[in-house]
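Q: This is the structure I have questions about; it appears just below.
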Amino acid sequence: MASKKKSKKTQVQLIKGMKDILPSEQLIWDFIKKQVFSLARDYGFSLIETPIVESTQLFKRAVGEETDAVSKEMYSFVDQGGEKLSLRPENTAGVVRAYIEHGMLNLPQPVKLFYFAPQFRHDKPQAGRYRQFWQFGFEVIGEKDPIIDAQLISMSYVILQELGITAQIQINSIGDENCRPRYIKALTQYFKEHKKDLCADCQKRLLKNPLRLLDCKVKKCQDIGQAAPQMIDYLCEDCNKDFTAVLEYLDELDINYTLNPKIVRGLDYYTKTAWEIVEGDEEGKLQALGGGGRYDDLVANLGGRETPAIGFAMGVERVINKMKEKKVELPAAHRPDVYLAQLGEEARKKSLRLMKELREAGISISEDVYKNGLKNQLELADHRHAKYALIMGQKEISDETILIRDMESGVQETVDYKKVVKEVQKRLNARVVEKVLKIKAVKK
Ligand code: HAM
C-alpha cells in the first residue's frame, strides 16, 4: 500500500507594507495614545470611530479622483452584494460623512472630533511609508475663525513636543473658490509650456486637476514645479486677511513656522490654510510627520449644509520612528504591586481566591499559578519588577499565614493570612510616603 507522505506546508506571511505591532512595542504605542487622549480631553475633542470600509464614492468625492491616494493607492473591491467599497485611505472623509449623517450640525458648533485609527494606501513600501498605517487626527467642524487654524497648528506642534520631537511647521494658503480659478489658470499656462517634459500622469492632470502637478513624486515634474506660479500671489482679500491672521496668532503663540508655497497637500478638499509638520529623516531629507488644513467646502460637497471646517492628522509609525531615532525616554513600564507565589495544591487553590481579593482592593498582581518551583516563581517576580512577593507553601497553609517578601531588600515577614490585603496596602502606602519625602528633600 502506498504510504501517504505529509508535505511540508508553506508559511503564510504578512502582507507587504503591513506591520505587526508586537507586545514589545506596546509601551511606546500606549504612551502616544495617552498623550493624544489627554490633549483631546484638554482641548474638548470627542473620540469618533468610523468604519474602515466606506463606499468608494465617498473617497472619490471627498479626496478627489485625481489624487494619488484615490486613483493609485486605494484598496477597492466589489462586495458580495455588488457594492463598490474601499478601505479608507484617510479619515477626514468618514468623519465628515458621519457629521452629516448623524445630524451633528444641529449640535452646538463647532463639533470637535478626534480619532486614532488605521488607514490604508497601496503605496510603494519604504521607510516611513506603509500600506496599513495609523493616524491620529483632530477635526473642528463648524467654525471659520482663523484663530481655530492657529490653535490646531499649535496642537500639532505641541503633541510632537510632548512626545519628545521638535518639528517644523511649514505653512501655506491655497485660497478658495474665489481666487483659486485665477491661480489654476496661471498654473495651467505655466505647465503647458513644459508639457512635453512632464510624466504621462501629469500630462493627464494638466487637463483634469493642475494643482495635483505640484505633488507629483516624479523628479522631473518636481523640478519643473520649482518655478511654477505661487498661490500666495493670487489670494483674494478674504483669504489674504485670514492667512495674515493665522500667522499673527502663531507669532503670538511663539510657534516657529516657515512659509512654503509648495505645500498644496495631496488631497482635493483643502481650502485656505494648509500646513505640514516636518522633520529631517536619517538622510536629512524632510519627511512629513503630519499635515492638515481647512476644508470649508467638504461638508457641502458631501451633501451637507455649507459648513467651514479644519483638521490635521499625524502618521503614528512615522512619529514612532522619529522617537526611536531621538531615543526619547518612555515612562517606566507597569510594575505589579505583588507577585503571588505558591507551593502545593492547597496553596494553589487558595491563591486563586486571593488573586481576586487583591484585585478587588485595587492591588495589581502578577502570577504563574500553573508553576511549581518557588525559586522559579521568585525569579519571574524579579523579572517583572514586582514590588512584593506573597508566598504560600504547606507551612503557611497549615498556620493560616502568608509570607510577604520585599523584592528589593529581600526582607520577608510572616503575617496573618486574614490580614494580607491590609498588610500589602500598608506597605504600598508607606512606599508612596517615602517617595514624596525623597522628592521634597531633593527639591530643598
Ligand atoms: P495626509 O498628509 O495624507 O493627510 O496624511 C497625514 C499623515 O499620515 C502624513 O503626514 C504621514 O505622517 C502619514 N502617512 C500618510 N501616508 C502614509 C503611509 N503610506 N505610511 C505611513 N504614514 C503615512 C491626511 O490624511 C488628512 N486626512 C489630514 C487631515 C485631517 N486634513 C484635515 N484633517
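The values are calculated or read from the model by the stated rules, or taken from the named source; none is laboratory data. Predicted model only: the values in this text are computed from it and were never measured. Backbone-built Cβ (ideal geometry, glycine too); neighbour counts: all protein chains shown. What goes into the accessible areas is simple: the full protein's heavy atoms, side chains included, and nothing from ligands, DNA or RNA. Shrake-Rupley method; radii C 1.70, N 1.55, O 1.52, S 1.80 Å.
Q: How many of the residues in segment 308-318 are open to solvent by 20 Å² or more (accessible area, probe 1.4 Å) and closer than 24 Å to residue 109 by Cα?
A: Selection size over segment 308-318: 1.
Q: Would you check which residues across segment 62-72 are surrounded by fewer than 16 Cβ atoms within 10 Å (Cβ to Cβ) and under 11 Å from residue 90 (Cα atoms) and list them?
A: Of everything in segment 62-72, nothing turns out to be surrounded by fewer than 16 Cβ atoms within 10 Å (Cβ to Cβ) and under 11 Å from residue 90 (Cα atoms).
Q: May I pose another question? Test residue 133 against the criterion of being open to solvent by 20 Å² or more (accessible area, probe 1.4 Å), touching an Asp or Glu at 6+ places or on another chain (Cβ under 9 Å) and within 14 Å of the ligand (Cβ to nearest atom), and give yes or no.
A: It is true that residue 133 is open to solvent by 20 Å² or more (accessible area, probe 1.4 Å), touching an Asp or Glu at 6+ places or on another chain (Cβ under 9 Å) and within 14 Å of the ligand (Cβ to nearest atom).
Q: Still on this structure, please answer the following. Restricting to segment 266-291, name every residue that is of a type in the set (Asp, Glu) and more than 7 Å from the ligand (Cβ to nearest atom).
A: Once the filter is applied, which keeps residues that are of a type in the set (Asp, Glu) and more than 7 Å from the ligand (Cβ to nearest atom), segment 266-291 yields 268, 279, 281, 282, 283.
Q: Is one or more of the residues making up segment 284-307 assigned to a helix (DSSP H, G or I) and surrounded by fewer than 19 Cβ atoms within 10 Å (Cβ to Cβ)?
A: yes
Q: Quick check: is even one residue across segment 54-73 in contact with a His (Cβ under 9 Å, 6 or more places away or on another chain) and in the same structural domain as residue 126 (by TED's automatic domain parsing)?
A: The answer is yes; a qualifying residue exists.
Q: Which pairs do you get when a residue that is under 21 Å from residue 166 (Cα atoms), found in segment 254-271, comes within reach of a residue that is charged (D, E, K, R) and open to solvent by less than 20 Å² (accessible area, probe 1.4 Å), reach meaning Cβ atoms under 7 angstrom, with the pair 6+ apart or on two chains?
A: Short answer, once both residue conditions are applied: none.
Q: For segment 238-275, give me each residue that is basic (Lys, Arg) and either touching a Pro at 6+ places or on another chain (Cβ under 7 Å) or crowded, with 23+ Cβ neighbours inside 10 Å (or both).
A: Within segment 238-275, 272 is the sole residue that qualifies.
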